[in-house]
Amino acid sequence: MTHPVPMTEIWRGDFLESWHTGHAVICDAGGDIVQSWGDPSLVVLPRSSSKMIQALPLITSGAADKAGLSTEQLALACASHTGAAIHTDRVQRWLDTLGLSDTALRCGPQEPSDLPARDSLIRADQTPCRYHNNCSGKHAGFLTLAQHLGAGPEYVETDHPVQKAALEAFERVTGETSPGFAIDGCSAPNFASTLHGMARAMAHYAASPEGSAETRLHEAMRLHPDLVAGEGNACTHLMRAMDGRVAIKTGAEGYYIAIIPGKKFGVALKIVDGTTRASECAIAAILVKLGVLEPDHPATRRYMNAPVLNRAGDRTGWIRPAAAMA
């Protein structure tokens, strides 16, 4: 099957009001497809779902160990955070250890999605900084690698040693030659691959030996789900619900990955219309199907078989996985 399949349904009363289609792949440690929906060969930009790949050279180069990076910093290097104080304070301290300031970051300023942080800026009549950007941890990692390599400050340029290392890592773990890239919201290149390639890469992470760069990164994510995303985010809620046994990561435009070390499986998922509610429901359904997420856990019910409420707080419908996801 090459066409997208229904993955998430929105019900209002007894009426199927909306539905979202997509593609997904589950791979084993050998890179073979265990199950797929839609077109595994579809070429897609993984967006922020690829951050743990972009962070690989930070460790393999020796930069992380030379800088004495903690598991918290490695988690932030893979994060799309909310700009809460637990994120921005750590990024600022990281920049301090590099002898750098906010201006060294090449991601743009971004209003925090964390409401207390946003409201604090408003009350202080301050504008967001670059360290508030949800990708600032990734960029602090890029800067750490750039310093280690003795490279220049324009680390987001495609011909910069940092991005050349990121591309090499991406092609190595996906097992593919990337057909190209686009510039992400944080100004860094984002390399394309097939869904099969990304699922293969995530299975490679899941099956990597203890102490490897890949395992250090997904262990950091699993240890610090609050740093990978933040309160109110599916990545944080669902990783907590799985007690640190699985790493998951969202990407813009309806992308999701999962790294499941206990089964040595990797998952990649793309919702065609780019809707987050659909990708959250679909990834939860796959994790339940694989037996690593409890279907009745309160966190699961926030995204899968979740009630749709009206302004009065009355349930008017449901967000549910489509039959194909069973």
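The values are calculated or read from the model by the stated rules, or taken from the named source; none is laboratory data. Just so we're clear, the structure is a prediction, and the values are computed from it rather than from any experiment. Note: ideal-geometry Cβ built from the backbone for every residue, glycine included; neighbour counts use all protein chains shown. The protein model used for the area step is the full one, side chains on, heavy atoms only, and it has no ligands, DNA or RNA in it. Shrake-Rupley method; radii C 1.70, N 1.55, O 1.52, S 1.80 Å.
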**OP:** Filter segment 258-288 for residues that are within 20 Å of residue 10 (Cβ to Cβ) and of a type in the set (Lys, Arg) and give the result.
**Re:** 270, 277
**OP:** Select from segment 268-292 the residues that are among the hydrophobic types (A, V, I, L, M, F, W, C) and either buried (at least 24 other Cβ atoms within 10 Å of the Cβ) or assigned to a helix (DSSP H, G or I) (or both) and list them in ascending order.
**Re:** 268, 269, 271, 278, 281, 282, 283, 284, 285, 286, 287, 288
Original post:
Going by the structure shown, is residue 202 assigned to a helix (DSSP H, G or I), closer than 24 Å to residue 81 by Cβ and without any contact (Cβ under 8 Å) to a residue 40 or more places away in the chain?
Top reply: no
Original post:
Hey, any hits in segment 249-262 for a residue that's open to solvent by 10 Å² or more (accessible area, probe 1.4 Å), hydrophobic (A, V, I, L, M, F, W, C) and farther than 18 Å from residue 202 by Cα?
Top reply: no
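Okay, residues lined up against (1) assigned to a helix (DSSP H, G or I); (2) among the aromatic types (Phe, Trp, Tyr); (3) farther than 24 Å from residue 189 by Cβ:
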residue	(1), (2), (3)
35	no, no, yes
53	yes, no, no
69	no, no, no
72	yes, no, yes
103	yes, no, no
107	no, no, no
121	yes, no, yes
Subject >> Whichever residue in segment 84-126 is among the aliphatic types (A, V, I, L, M) and open to solvent by 90 Å² or more (accessible area, probe 1.4 Å) and, among such residues, is nearest to residue 234 (Cα to Cα) >> reply: 115
Subject >> Criterion: within 20 Å of the chain's Cα centre (by Cα) and touching a residue at least 12 places away in the same chain (Cβ under 8 Å) - qualifying residue of 178, 208 >> reply: 178
**OP:** Hey, can you tell me all the residues within segment 293-310 that are exposed (fewer than 14 other Cβ atoms within 10 Å of the Cβ) and either within 21 Å of the chain's Cα centre (by Cα) or hydrophobic (A, V, I, L, M, F, W, C) (or both)?
**Re:** 309
